[in-house]
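Before any comments, here is the structure.
The values are calculated or read from the model by the stated rules, or taken from the named source; none is laboratory data. What you see is a predicted model, and the numbers here were worked out from it, not measured in a lab. Cβ sites come from the backbone with ideal geometry, for glycine too, and all protein chains shown count toward neighbours.
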């Protein structure tokens, strides 16, 4: 698949010496949804702002659709739509006029038919003549997306798009993102909601302290790094792991035991464990397995990075 955004050696260093980005390399494929996960201060917003040309990099290059975002910034910027975290809207302006103005900023000819399509796709058409100040927080965030789509970009950056939005509206936003992808728009989003990345992203990127720790296909990542846990329910609870089972990675959980194992190894050890449980005189009543979540994988990656420094 063709890359639509290519980032090479991107560094952002401030006067005091603080490096918000440390030689970041990132390829974003045409038509994909990529989610960037990272704790507060990880560099997510700085990375997006620098790619979009809002923040000037100290070093490195960014290419969008083959256009350098510094030497050919107009062509590069025309391909990009950005939805910022902040609800920076003119409160007394009408929704339609707000979106028209954004389109005009990019030198695009008036096209109310396109803007109607955008507003309808975001369930905003019935609000087109409403003043922004009369809208809910969720609707205002949709107006931000409409503004970003007004000039028909091929790459859309969403910086915390569902921050402060309730669960129902968040899922509606996921549907909007899926429709945009179906229309061929490449989407890069930052989020604090792990379930958001798990639900809609094709690839996951993890960033911490200004460095990209990994970028990987979501399913491959969860298969490669995810562990499974076997919950063993017992007829009679135990207070501690029996000495005869000490060689296994077991912990006491309520009325049973938890056994963690790697799905990528040739042997999981489950067969021998169950045999040894019987030898130890423990009677099982039920077995359940659970796959590690993306949240657990993310937390472990960030903790590993912070522990290394």
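Some notes on this structure:
- Total residues in region 25-46, condition modelled with pLDDT under 95 and under 11 Å from residue 212 (Cα atoms): 6
- Test for residue 182: is it outside the structural domain of residue 65 (by TED's automatic domain parsing), free of Cβ contacts under 8 Å to residues at least 12 places away in the same chain and out of contact with any helix residue (DSSP H, G or I) (no Cβ under 6 Å at 6 or more places or on another chain): no
- Some residue of region 251-263 being surrounded by 15 or more Cβ atoms within 10 Å (Cβ to Cβ), more than 31 Å from the chain's Cα centre (by Cα) and at pLDDT 70 or above: yes
- Filtering region 115-132 to residues that are on the phi < 0 side of the Ramachandran plot and at pLDDT below 95 leaves 117, 118, 119, 120, 121, 122, 124.
- Selection from region 110-134 of residues that are farther than 30 Å from residue 40 by Cα, in contact (Cβ under 8 Å) with a residue 40 or more places away in the chain and within 26 Å of the chain's Cα centre (by Cα): 121, 123
- Test: residue in region 136-152 that is surrounded by 15 or more Cβ atoms within 10 Å (Cβ to Cβ) and at pLDDT below 85: yes
- Condition met for residue 158 (modelled with pLDDT of 90 or more, assigned to a helix (DSSP H, G or I), surrounded by 22 or more Cβ atoms within 10 Å (Cβ to Cβ) and in contact with a strand residue (DSSP E or B) (Cβ under 6 Å, 6 or more places away or on another chain)): no
- In region 227-249, the residues that are in contact with a helix residue (DSSP H, G or I) (Cβ under 8 Å, 6 or more places away or on another chain), closer than 18 Å to residue 288 by Cα, modelled with pLDDT of 85 or more and not in a loop (DSSP other than H, G, I, E, B): 232
- Condition broken by residue 169, with the remaining ones in (1) under 22 Å from residue 88 (Cβ atoms); (2) part of a strand (DSSP E or B); (3) free of Cβ contacts under 8 Å to residues at least 40 places away in the same chain satisfied: (2)
- Only strands (runs of 3 or more DSSP E) whose full extent lies in region 9-109 are considered here, and the ones with at least 1 residues that are in contact (Cβ under 8 Å) with a residue 40 or more places away in the chain, assigned by TED's automatic domain parsing to the domain that holds residue 156 and over 21 Å from the mean Cα position of the chain (by Cα) are 19-29, 59-64.
- Among the residues making up region 265-286, those that are surrounded by 12 or more Cβ atoms within 10 Å (Cβ to Cβ) and assigned to a loop (DSSP other than H, G, I, E, B) are 268, 269, 280, 282.
- Test: residue in region 186-196 that is in contact with a strand residue (DSSP E or B) (Cβ under 9 Å, 6 or more places away or on another chain), free of Cβ contacts under 8 Å to residues at least 24 places away in the same chain, over 22 Å from residue 90 (Cβ atoms) and assigned by TED's automatic domain parsing to the domain that holds residue 41: no
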